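Derivation of every value follows stated rules applied to the coordinates shown; laboratory data play no part. Fair warning: this is a prediction, and the values are worked out from it, not measured in the lab. Positions of Cβ are generated from backbone atoms using ideal geometry, with glycine treated the same way; all protein chains shown enter the neighbour counts.
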Amino acid sequence: MFGPKDNFADLAAQISSSTVIITGYLEKNNLPQPTFAVDSPRSLPEVPEVQAARMALIEAAAKIHHLAIGADDYIWHQSLTVSIPCMCIKLVIQVGPVLNFWTRIAQARPIRH
């Protein structure tokens with residue numbers, strides 16, 4: 001989970017150490033490296049050490065992604081890049097100003113349409 005002490009350098013080190021474990025296993029067992037090529041392996045080996053490193057890599061990459069985006073741009077970034085789950089946020093951002101949504105919410109009286 002995200003912690004207040006997570007930082008770029010530590011997360012980058014976690015990413016690096018996880019990739020060393022994964023690539024080391026692949027090289028040792030003469031297995032192809034994952035790439036974006038059409039014939040790239042579709043998954044990593046179901047070996048506990050590789051899968052643990054994979055999960056650590058995914059978690060550290062997500063954390064560093066969030067740090068790089070920053071708190072101010074997070075909602076805007078999510079509303080523009082995430083498709084179905086955040087479509088409601090995108091809709092509110094696009095339709096809210098048209099309906100004067102933001103000032104109506106702040107008022108204590110009921111909203112009239």
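Summary table
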| read-out | value |
| --- | --- |
| Test result for S43, of a type outside the set (A, V, I, L, M, F, W, C) and touching a Lys or Arg at 6+ places or on another chain (Cβ under 8 Å) | no |
| Scope the stretch 1-57; condition surrounded by 11 or more Cβ atoms within 10 Å (Cβ to Cβ), under 18 Å from the mean Cα position of the chain (by Cα) and aromatic (F, W, Y); matching residues | F8 |
